[in-house]
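Peer 1: Have a look at the structure that comes next, please.
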Amino acid sequence: MGDKQLMSIAMYLTKHSLTIEELAKKLDVQAKNIYDWKSGVKPNKGNQEKLRRLGITCETSTKRTLPNGAKEAGYKGFLKDFQIYAIQGFGNTIVSKEHSEQTIIDEFAKLGIAVKVRDFETVKFSCTREFDSTNKSHWVVEDLEGLI
């Protein structure tokens, strides 16, 4: 099976409704390894083979690897390094609502990352645990690669 037919770790997790910890147990590795691999660290040969047997690619595209921070790699937009690293490593991040949904989508597209944007809900910790609709100051941004 060529790597073009394989799916990313994020896609595999979503397709099989697994957590990173469950995948780590299935592969007999530490969860930290999975987080590292998702963010672009290449697994050793043995782990590459384990991943391929499950139908997971070990290759990361260059668009997802911005060495030494996005600013040093030439990115000049409003996104912060931690937001880019979070989307690459964990599949999501938050961005201030001072930017519109479309502006955020366009900004991540400059980095070759397709995203969707949704409201960030905060829980008011009260007796009723109601959603606090007055405190929506951020968007949740999710990497579409990991979504099916």
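The values are calculated or read from the model by the stated rules, or taken from the named source; none is laboratory data. Please read these numbers as outputs of a predicted model, since none were measured by experiment. Ideal geometry is used to build each Cβ from the backbone, glycine not excepted, and the neighbour counts take in all protein chains shown. Only protein heavy atoms, including side chains, enter the accessible area calculation; ligands, DNA and RNA are left aside. Shrake-Rupley method; radii C 1.70, N 1.55, O 1.52, S 1.80 Å.
Peer 1: Quick check on the stretch 124-138. Is at least one of its residues touching a helix residue (DSSP H, G or I) at 6+ places or on another chain (Cβ under 8 Å), open to solvent by less than 80 Å² (accessible area, probe 1.4 Å) and modelled with pLDDT of 85 or more?
Peer 2: No, there is no match, as no residue in the stretch 124-138 is touching a helix residue (DSSP H, G or I) at 6+ places or on another chain (Cβ under 8 Å), open to solvent by less than 80 Å² (accessible area, probe 1.4 Å) and modelled with pLDDT of 85 or more.
Peer 1: May I pose another question? Here is a list of conditions, (1) more than 25 Å from TYR12 (Cβ to Cβ); (2) modelled with pLDDT under 80, and ILE104 meets all of them except one; can you say which number that is?
Peer 2: (2)
Peer 1: Are any of the residues in the stretch 76-93 at pLDDT 90 or above and closer than 29 Å to HIS16 by Cβ?
Peer 2: yes
Peer 1: Here's a check for you: in the stretch 1-57, which residue that is at pLDDT below 85 and among the acidic types (Asp, Glu) is surrounded by the most Cβ atoms within 10 Å (Cβ to Cβ)?
Peer 2: ASP36
Peer 1: Going residue by residue through the stretch 114-121, is there one that turns out to be open to solvent by 60 Å² or more (accessible area, probe 1.4 Å), in contact with a strand residue (DSSP E or B) (Cβ under 7 Å, 6 or more places away or on another chain), modelled with pLDDT of 85 or more and charged (D, E, K, R)?
Peer 2: The answer is yes; a qualifying residue exists.
Peer 1: Which residues, counting only those in the stretch 88-104, are open to solvent by less than 50 Å² (accessible area, probe 1.4 Å) and either part of a helix (DSSP H, G or I) or in contact (Cβ under 8 Å) with a residue 60 or more places away in the chain (or both)?
Peer 2: Selection gives GLN88, GLY89, GLY91, ILE104.
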